[in-house]
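Notes to accompany the following structure.
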Amino acid sequence: MSYVDEVIEKVVAKNPGEPEFHQAVKEVLESLRVVVEANEEKFRKDALLERITEPERQFMFRVPWVDDKGQVQVNRGYRVQFNSAIGPYKGGIRLHPSVNLSIIKFLGFEQVFKNSLTGLPIGGGKGGSDFDPKGKSDREIMAFCQSFMTELCKHIGADTDVPAGDIGTGAREIGYMFGQYKRIRNVYEGVLTGKGLSYGGSLARTEATGYGLLYFTDELLRLNGIELAGKTVAISGSGNVAIYAAEKATQLGAKVVTVSDSTGWVYDPDGIDIAALKEIKEVQRARLTEYKKYRPNSEYHEGRGVWTVKVDIALPCATQNELHLEDAKALVANGVIAVAEGANMPTTLEATHYLQENGVIFAPGKAANAGGVATSALEMSQNSERLSWTFEEVDAKLKNIMVNICHNADAAAKKYGFAGNYVVGANIAGFEKVVDAMTAQGIV
Ligand code: NDP
Ligand code: 2IT
C-alpha cells in the first residue's frame, strides 16, 4: 500500500467518529501523492505524514455561564494547536451548536496549509465551542466569552497562539474575550486578531476574507483569460465573508444575485443591495426574510437553493459541506465557469471532483479565503511595532498576498504536471514550506 493510503487508513482508525477531519486529511494527502511518492523513503522514515496529521496539542474544557434567567449553562470549549513549524498557532474561534472535535480538527488541519500559503510566519490552530450565539442577549454573550477565555487564556499568548473570529465570532465576541484575557493575564498584547480599531485592531480586517476571495478569483480568472466584470455571481451565507465578498464583487463590476442563511435564501435579479444586507446582518442581527422590505423585486425562499440559480461564478461562503454533488451538477448544467470557496471546505469531495472533471475552474478555500488570516498576521505585525497602517496600505498588502497565492498555486500545479488543478497546486505549495520547516527543526 502507498504511504499516503497507509496514513489515511491510520488517521481514520485513530480518530473514530471524526468524518470532517477524515475528509480534510483525505483531500490534502491524496492531492500530495505526487510529492510524497517522490520522497517516500525519507518521509516514511521521518513519519512525516503521521506527524503532520497529529495535532501538537489539543484542549477541551468546561465553559459554565449563567443565562438571563439565572440558569447555569454548560458548553464545551476547544482549542487545537495543530502545527507551529512556521510560526505561533493562528486560527479562528467558531461558536456554533454543531461544533465538535472533528470540526475543530479539520479546520485546524486546513489552517496549517492555508497559513503557510500566505507566506507569513503563522502556524495553524483552531478553536471554538458548541455555544449558540443566536438569540442571546449581549450580557449572555459576554458571560460566555468571559468564561471561555478564563480557561483559554492559560494556553494562548501573542507569541504562542493567536485566535481570531470565525462563524459566530465577530468584533463583539473578540472584544469581550480580549478584555477578559487582559484582566486575568495582566498583559496588553496582540493575543487576538479581529480586534476593534480602538484597541489594536487592523483596518481592513473586517473586509479581508471577502475582499481577498475576490482578489484571488479575479486573478485566477485573468490567468484563464476571463474577465470578472459583467459576470453574475451566486454567494451563499450572509455573514462576514459573504457580505464583503458581495461588496468587492460588486465593486469589481460583477452582479451578485444571491445570499443565504441557515433558514433560507434571497434571489435579487437586480443585484444584492449591500447596504441593506449590512443593515440586516451587522446592525439588526436579523434574518434574511427582512431583505424583501428593502428590495420588493427580490425573492425569498425557505431552505436551500442558491446553487440552482444560473450564474457564471459560485462563491460558497457559509459553512462546510454546503455544496453537494447535485448542486455541482446543477451549476455545471447552468454553465458555471468558476467556483471559489470563501468558506472552509464548503464543497464535498464528490462535488469538487465533478466540477473539476467538467472543466470548472475550482479554487479551494485554503487558497481563496486566506485573506482573512493573512490580514490577521498583518494585525499582529502592527501590534508588535505598536503602529497602525492605513486602510489602503493593508488592502494593498492583502491584494498582493492573494495574487501571490494564486500564482504560487498555479505554478506548483504546473510543476508537478497538474496544470489547472488548483487543489493540487495549493496543497503542494502550502505543504512544501511546512515540511521544510519541520524537517529543519528535527523530530519534534
Ligand atoms: P458568520 O458567522 O459571520 O456567518 C456565517 C454564515 O453562514 C451565516 O450566514 C450563517 O447563517 C451561515 N451558516 C453557518 N452555519 C450554517 C449551516 N450549518 N448551514 C447553513 N448556513 C450556515 O461566519 P463567517 O462569515 O466568518 O464564516 C463563514 C465561513 O468562512 C466559515 O466556513 C468560516 O470558517 C470561513 N472563513 C471565515 C474567515 C473569517 O475571517 N471570518 C476566514 C476564512 C474562512 P445563520 O446566521 O443562519 O447561522
Ligand atoms: O478560517 C480562517 O482562516 C479564519 N477564520 C481566520 C483566522 C484568523 O486567524 O484570522
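Read the figures in this text as sums done on the coordinates, not as results from a lab. Everything numeric in this text was worked out from a predicted model, so none of it was measured. Methodologically, a virtual Cβ is constructed for each residue, glycine included, from the backbone with ideal geometry; neighbour enumeration extends over all protein chains shown.
Dimensions of region 206-303 based on its C-alpha atoms, expressed as ranges along the principal axes with the largest first, amount to 39, 27, 22 Å. At 222 nm, what helix-only mean residue ellipticity would the chain give, in deg cm²/dmol to the nearest 500, using -39500 (n - 2.57) for each DSSP H run of four or more? Result for the chain, helices only: -14500 deg cm²/dmol.
Taken along its three principal axes, the alpha carbon spread of the chain comes to 63, 55, 43 Å, from the longest extent down to the shortest. Taking other C-beta atoms within 10 angstrom as a stand-in for reagent exposure, 132, 270 fall in the order 270, 132, fewest first.
Region 39-106 and region 253-305 have their alpha-carbon centroids 33 Å apart.
Remark: region 13-150 projects, on average over all directions, an area of 9.8 nm² (convex hull of Cα atoms). Put a dot 7 Å past the Cα of residue 1, heading toward its Cβ, do the same for residue 71, and the two dots end up 4.7 nm apart. Taking amide H positions as modeled 1.01 Å from N, with prolines and chain starts lacking one, the residues under 5 Å from residue 231 and 5 or more places away or on another chain are 255. Across region 314-366, the fraction of Cα-Cα pairs farther apart than 13 Å, rounded to a whole number, is 48%. The relative contact order of the chain, computed from alpha carbon pairs under 8 Å that lie at least 6 residues apart in sequence, is 15 percent. Close amide-amide hydrogen proximity is noted between residue 131 and 76, 96, each under 5 Å apart and 5 or more residues distant or on a separate chain (H modeled in the peptide plane; Pro and chain starts excluded). Projecting the Cα positions of 267, 229, 201 onto the charge dipole of region 194-300 (unit charges on Cβ atoms of Lys, Arg, Asp and Glu, taken about the Cα centre) puts 201 furthest along the positive direction. Taking a point 7 Å out from the Cα of residue 357 in the direction of its Cβ, the residues of region 325-341 whose backbone N falls within less than 18 Å of it are 325-336, 339.
Computed log10 I(q)/I(0) for region 1-92 at 0.12, 0.15, 0.19, 0.25 Å⁻¹: -0.52, -0.71, -0.98, -1.33, from the Debye equation with unit scatterers placed on every C-alpha and solvent omitted. All other residues whose Cβ lies under 12 angstrom from that of residue 196 are scored, Lys and Arg at +1 and Asp and Glu at -1, for a net of +1. Amide H to amide H distances under 5 Å link residue 238 with 260, where only residues 5 or more positions off or on other chains count and H is placed in the peptide plane.
Placing a label point 7 Å from the Cα of residue 14 along the Cα-to-Cβ direction, the residues of region 20-56 whose backbone N falls under 11 Å from that point are 47-56.
Please state the shape class of region 121-168: rounded when a/c is under 1.5, otherwise prolate if a/b exceeds b/c and oblate if not, all from the C-alpha gyration tensor.
Cα axes put region 121-168 in the prolate bin.
Working from label points 7 Å from Cα in the Cα-to-Cβ sense, the residue 325 to residue 304 distance is 1.3 nm.
I want the antiparallel fraction of DSSP beta bridges within the chain, as a percent rounded to 5. Intermediate values should be presented prior to the final figure.
On the way: 25 of 47 bridges.
Expressed as a percentage, antiparallel bridges in the chain total about 55.
Taking 0.36 nm per intervening residue step and subtracting the Cα-Cα distance, what contour gain separates residue 172 from residue 419 on full extension?
Details: separation 247, 0.36 × 247 = 88.92 nm, distance 4.28 nm.
Between residue 172 and residue 419, full extension yields an extra 84.6 nm.
Starting from the Kirkwood radius over alpha-carbon pairs of region 151-222, derive D by Stokes-Einstein at 10 °C in a medium of 1.306 mPa s and give it in µm² s⁻¹.
Numbers: Rh = 13.5 Å.
Translational D for this selection: 118 µm²/s.
Its Cα gyration tensor gives region 278-430 an equivalent ellipsoid, and the semi-axes of that ellipsoid, as √(5λ) in whole Å with the largest first, are 29, 27, 12.
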